[in-house]
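The block underneath contains the structure these notes are about, expressed in structure tokens.
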């Protein structure tokens, strides 16, 4: 995935402002997939997200780092998603 340039963002903004775009359908939003964690600097806290420390074997940690980099996502977010999926698949 390549990053867009400032010129590309300008073109997209101009097209949007001119109404030169097509809506292809509803946007699906999955609240369980929205990022959690610490708020951006200066913003108030909206929830309690206690920290937990976990150790991984080197190979697993390396694979985790690679996955997070490929998705442009923090490692902590990949871990949260994996744990949420596991817990959902294994109810007690």
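Read-outs throughout are calculated quantities, based only on the coordinates presented, and are distinct from any laboratory measurement. It should be emphasised that the depicted structure is a prediction, and the values quoted were computed from it without experimental measurement. FYI the Cβ positions are ideal-geometry reconstructions off the backbone, even for glycines, and counts take in every protein chain you see.
A few remarks follow.
- Sorted ascending by nearby beta carbons within 10 Å, beginning with the fewest, 87, 27 become 27, 87.
- Subtracting the Cα-Cα distance of residue 67 and residue 16 from 0.36 nm times their residue separation leaves 15.1 nm of extension gain.
- When 77, 59 are sorted by how many other C-beta atoms sit within 10 angstrom of their C-beta, beginning with the fewest, the order is 59, 77.
- Residue exposure sequence - 73, 5, 24 - by fewest surrounding Cβ within 10 Å: 24, 5, 73
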